[in-house]
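First up is the structure itself, then whatever we jot down about it.
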């Protein structure tokens with residue numbers, strides 16, 4: 001009877017993930033970006049050029065079973081070389097010491113993805129809002145998914161504390177970082 005119970009549990013676990021498929025990011029149609037308030041009057045936008053992921057997506061339930069990502073911190077690009085060099089320095093990302101930024105999904109409830117973000121050597125829980133844009137077959141017959149992720153984090157929580165006070169009050173760089181991520185992924 002014990003043997004039958006173990007077999008039954010194994011079968012149930014197998015059936016529960018039968019629709020989950022592995023996907024890989026199509027980086028030519030994806031963007032891992034952010035924006036942050038500068039001098040309290042404008043937003044500075046940027047993105048990371050180099051990233052990878054582990055994505056398992058249940059095409060029947062339309063939900064992620066795995067969503068993990070790794071970003072190369074040195075690939076930050078705001079369009080201004082001098083600013084990017086400063087962001088790579090010990091004042092901010094310290095890319096010589098902390099080479100990657102990593103996200104590991106812990107759960108998904110409705111359109112919220114919960115996970116652990118490790119940046120600058122510090123791990124914190126964050127929540128991302130996800131929007132699934134669709135599941136389609138491309139011209140070569142490969143299944144693709146498109147989705148967006150949005151969220152906010154306080155950079156000081158991750159030890160990114162550099163700032164300067166403005167003459168009239170306020171800070172040069174806001175503490176809140178807005179994440180804006182657009183992903184298109186292809187089934188392996």
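Values quoted throughout were computed directly from the atomic coordinates according to the rules given, and no laboratory measurement underlies them. Predicted model only: the values in this text are computed from it and were never measured.
Under 8 Å for C-alpha pairs, at least 6 residues apart: give me the relative contact order for the stretch 19-187, rounded to a whole percent.
26 percent
Under a 10 Å cutoff between Cα atoms, tell me which one of 84, 138, 157 has the largest fluctuation in the Gaussian network model of the chain.
138
Helix 2-16 versus the longest principal axis of the chain: what is the Cα-based angle in degrees, 0 to 90, to the nearest 10?
Helix 2-16 sits roughly 50 degrees off the main axis of the chain.
Using the alpha-carbon centroid of each, what span in Å lies between the stretch 154-188 and the stretch 42-67?
For the stretch 154-188 versus the stretch 42-67, the Cα centre distance is 18 Å.
Calculate the tail of P(r) for the stretch 147-188: the fraction of all Cα-Cα distances greater than 15 Å, expressed in %.
59 percent
How large is log10 of I(q)/I(0) for the stretch 93-137 at q = 0.28 Å⁻¹ when the intensity is taken from the Debye formula with one equal scatterer per alpha-carbon?
-0.94
When all alpha-carbon pairs of the stretch 19-187 are counted, what percent fall beyond 30 Å?
21 percent
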